[in-house]
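So the structure is just underneath, and the comments pick up after that.
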Amino acid sequence: MFRAVASRAVPRAARPVTQSTFCAPNIYFQGRLRRGYASEAEEKDLVIIGGGVAGYVAAIKAGQSGLKVACIEKRGALGGTCLNVGCIPSKSLLNNSHLYHQILHDTKNRGIEVGDVKLNLAAMMKAKDTSVSGLTKGIEFLFKKNNVEYIKGTGAFKDEHTVAVNLIEGGGETTVRGKNILIATGSEATPFPGLTIDEKKVITSTGAIALQEVPKKMTVIGGGIIGLEMASVWSRLGSEVTVVEYLGQIGGPGMDKDVAKQAQKLLQKQGMKFKLNTKVVSGDADGEGVKVTVEAAKGGKEETLDADVCLVAIGRRPYTNGLGLENIGLEVDERGRLIIDQEYRTKIPHIRAIGDVTFGPMLAHKAEEESVAVIEYITKGYGHVNYGAIPSVMYTHPEVAWVGQNEQELTAANVKYNVGQFPFSANSRAKTNLDTEGFVKMISDAETDRILGIHIIGPNAGEMIAEGVLALEYGASSEDVARTSHAHPTLSEAFKEAAMATYDKAVHY
Ligand SMILES: Cc1cc2nc3c(=O)[nH]c(=O)nc-3n(C[C@H](O)[C@H](O)[C@H](O)COP(=O)(O)OP(=O)(O)OC[C@H]3O[C@@H](n4cnc5c(N)ncnc54)[C@H](O)[C@@H]3O)c2cc1C
């Protein structure tokens with residue numbers, strides 16, 4: 001559910017902004033030209049600040065819609081957090097560290113005997129960097145293809161229509177004016193008070209995807225998805241990892257409690273240690289390693305955890321530093337989020353915000369949906385994102401994926417529901433692949449059988465959840481899914497069987 005947006009609505013513009021309402025000549029702007037940068041020559045229909053998933057997808061969609069668009073990015077590469085230091089590099093390391101771990105521990109019983117297996121971390125990092133650079137360059141190509149002007153620099157509001165850009169290449173400053181301006185400046189890792197991040201010993205996920213050697217011991221503060229993915233990578237590569245989590249379950253509050261329990265059990269089996277219901281009291285990185293002092297969340301005896309590296313993974317916060325919001329009177333809420341209405345407008349209607357910098361889950365695909373919707377709002381006056389059907393995935397092994405509501409949320413909301421569950425240990429393909437850990441759990445409304453939530457822990461859960469998202473989007477019942485033919489032998493038959501178990505009975509379990 002998208003909670004915060006609706007309550008802060010600002011009045012809608014009297015009529016939608018369409019292409020025909022763009023492009024009034026701006027005499028004021030003409031007098032302000034200072035450098036010969038291309039952007040200064042004309043007012044854009046849309047100026048986007050931030051070239052992450054939110055910004056670059058919006059830029060491409062804007063170009064496709066015939067808008068004159070410029071996208072300002074200060075990183076020197078497009079793709080934002082996701083491509084450069086988030087989704088993509090982390091998944092590269094997750095994939096390759098899983099392969100390494102599997103070769104070490106899981107080939108003999110498959111009839112594959114391997115000799116001397118060695119980790120070449122530098123090569124693993126290089127493979128990651130190759131994936132990242134290929135993808136970021138791909139976006140530059142798409143910008144050219146769709147007539148998006150790419151301005152490399154840091155943007156800051158001068159006034160409500162003008163953004164000053166501190167240019168990266170060649171230095172100096174230019175200004176760019178836009179009839180519409182989209183803020184897509186994303187987020188940054190939330191620091192932990194008392195522990196200074198140096199990205200070597202005390203690291204965020206950015207340091208965790210770039211370590212040059214495997215730490216002997218690693219403490220991870222925060223058992224959410226990013227913390228657990230990074231913990232998985234380094235644990236597989238040989239680190240002794242302890243995860244400290246304030247809550248009573250891993251995975252964050254969105255993860256279904258049964259799934260979280262199972263995930264913890266399986267990650268423990270792989271060697272990770274967990275301290276739940278535990279808070280970090282203080283940290284000390286002055287010596288050789290990092291000492292982290294913890295105690296029970298409710299208070300109690302202190303304990304000190306020693307490690308070579310401490311990963312701070314307590315969440316992310318919206319990033320608006322240096323954006324000059326004060327120059328245009330835009331404010332953020334108590335969590336740093338830009339306040340917007342349903343059409344992503346700030347209180348200055350032609351300035352909108354999407355992605356991590358505003359409300360909603362901090363996920364790349366959520367940002368992407370908003371990018372398409374915001375361009376539709378600008379060009380057509382209407383758009384749509386279903387915040388009730390945004391999937392979440394944790395790319396550990398096995399993967400965890402879910403969409404919709406979990407049991408604890410439905411119980412708290414007093415909703416009556418049915419649950420059906422099917423284990424991968426009873427699925428023929430999982431058995432064939434010798435990869436049987438986990439289950440699919442479906443929850444549907446007790447009265448109507450409409451699916452309310454789907455929670456998967458198991459191989460390829462992140463791919464399988466797409467079917468669940470589609471089912472939710474189309475308001476499917478568990479019976480609808482159960483009566484849909486699924487190819488045999490596939491893991492997705494477990495999905496069908498969970499649906500059968502929800503409204504009736506599974507066949508194979
Ligand atoms: C380790 C990690 C793993 C992740 N894994 C996943 C995953 O598997 N799946 C998923 O869906 N999400 C994942 N995420 C989250 C995902 O990366 C974000 O939700 C997504 O990047 C948000 O996109 P965005 O465009 O809103 O912001 P960002 O990607 O942060 O992009 C904002 C861009 O704006 C630029 N910028 C900021 N201020 C200015 C300025 N003043 N001028 C010019 N440019 C500026 C920044 O340099 C940045 O490039 C992960 C995040 C991390 C950290």
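Filter segment 118-157 down to the residues that are charged (D, E, K, R) and within 22 Å of the chain's Cα centre (by Cα) and list them by number.
Scanning segment 118-157 gives LYS128, ASP129, LYS137, GLU140.
With respect to ILE72, determine if the residue is assigned to a helix (DSSP H, G or I) and surrounded by 21 or more Cβ atoms within 10 Å (Cβ to Cβ).
no
Name the single residue, out of those in segment 75-90 being small (Gly, Ala, Ser) and not in a loop (DSSP other than H, G, I, E, B), that is surrounded by the most Cβ atoms within 10 Å (Cβ to Cβ).
The selected residue is GLY80.
ASP341 is checked against (1) within 16 Å of the ligand (Cβ to nearest atom); (2) assigned to a loop (DSSP other than H, G, I, E, B) and fails just one. What number does that condition carry?
Every condition holds for ASP341 apart from (1).
Which one is least open to solvent (accessible area, probe 1.4 Å), of the residues in segment 121-149 that are in a helix (DSSP H, G or I) and of a type in the set (Asp, Glu)?
Taking the candidates together, the pick is GLU140.
Only one of PHE141, PHE157 is more than 16 Å from the ligand (Cβ to nearest atom) and modelled with pLDDT of 95 or more. Can you tell me which?
PHE141
Residues checked against (1) open to solvent by 30 Å² or more (accessible area, probe 1.4 Å); (2) closer than 22 Å to LYS496 by Cβ:
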residue	(1), (2)
HIS384	yes, no
TYR387	yes, no
MET394	no, no
HIS397	yes, no
VAL400	no, yes
ALA412	yes, no
VAL419	yes, yes
PHE422	no, yes
SER425	yes, yes
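Looking at VAL47, VAL57, which is the one that is modelled with pLDDT of 50 or more, open to solvent by less than 40 Å² (accessible area, probe 1.4 Å), within 19 Å of ASP356 (Cα to Cα) and not in a helix (DSSP H, G or I)?
VAL47
Within segment 464-479, how many residues are more than 27 Å from the chain's Cα centre (by Cα) and within 23 Å of SER392 (Cβ to Cβ)?
2
May I ask you to list pairs of residues, at least six apart or on different chains, whose Cβ atoms are under 8 Å apart, with the first in segment 384-406 being of a type in the set (Ser, Thr, Tyr) and the second being open to solvent by less than 30 Å² (accessible area, probe 1.4 Å) and modelled with pLDDT under 95?
Taking only residues 6 or more apart or on different chains, the pairs are SER392/GLY254.
Could you tell me which numbered condition LEU323 fails, if it satisfies all but one of (1) in contact with a strand residue (DSSP E or B) (Cβ under 9 Å, 6 or more places away or on another chain); (2) within 12 Å of the ligand (Cβ to nearest atom); (3) part of a loop (DSSP other than H, G, I, E, B); (4) open to solvent by 10 Å² or more (accessible area, probe 1.4 Å)?
(4)
Residue under question is LYS118, and the condition is that it be more than 9 Å from the ligand (Cβ to nearest atom) and out of contact with any Cys (no Cβ under 9 Å at 6 or more places or on another chain); does it hold?
The answer is yes for LYS118.
Among LYS152, LYS200, which is on the phi < 0 side of the Ramachandran plot, out of contact with any strand residue (DSSP E or B) (no Cβ under 6 Å at 6 or more places or on another chain) and either part of a loop (DSSP other than H, G, I, E, B) or surrounded by fewer than 14 Cβ atoms within 10 Å (Cβ to Cβ) (or both)?
On inspection, the qualifying residue turns out to be LYS200.
What tally of residues in segment 94-115 results from selecting those that are surrounded by 13 or more Cβ atoms within 10 Å (Cβ to Cβ), away from the ligand (no atom under 15 Å from the Cβ) and part of a helix (DSSP H, G or I)?
5
Name the residues in segment 428-461 that are part of a helix (DSSP H, G or I), surrounded by fewer than 19 Cβ atoms within 10 Å (Cβ to Cβ) and touching a residue at least 40 places away in the same chain (Cβ under 8 Å), would you?
Residues satisfying the conditions are SER428, THR432.
Looking at the structure I just gave you, is VAL332 without any contact (Cβ under 8 Å) to a residue 24 or more places away in the chain and under 24 Å from the mean Cα position of the chain (by Cα)?
Spelling it out, VAL332 is indeed without any contact (Cβ under 8 Å) to a residue 24 or more places away in the chain and under 24 Å from the mean Cα position of the chain (by Cα).
Is there a residue in segment 155-165 that is in contact (Cβ under 8 Å) with a residue 12 or more places away in the chain, more than 26 Å from ASP356 (Cα to Cα) and crowded, with 18+ Cβ neighbours inside 10 Å?
no
Considering segment 358-417 alone, what residues qualify as being touching a Ser or Thr at 6+ places or on another chain (Cβ under 8 Å), within 17 Å of GLY453 (Cβ to Cβ) and away from the ligand (no atom under 16 Å from the Cβ)?
TYR417
What is the number of the single condition among (1) more than 30 Å from SER282 (Cα to Cα); (2) touching a residue at least 60 places away in the same chain (Cβ under 8 Å); (3) part of a loop (DSSP other than H, G, I, E, B) that GLY194 does not meet?
(1)
The values are calculated or read from the model by the stated rules, or taken from the named source; none is laboratory data. Here the structure is a predicted model, which means the values were calculated and not measured. Methodologically, a virtual Cβ is constructed for each residue, glycine included, from the backbone with ideal geometry; neighbour enumeration extends over all protein chains shown. We work out accessible area using only protein heavy atoms, side chains counted, and drop any ligands, DNA or RNA first. Shrake-Rupley method; radii C 1.70, N 1.55, O 1.52, S 1.80 Å.
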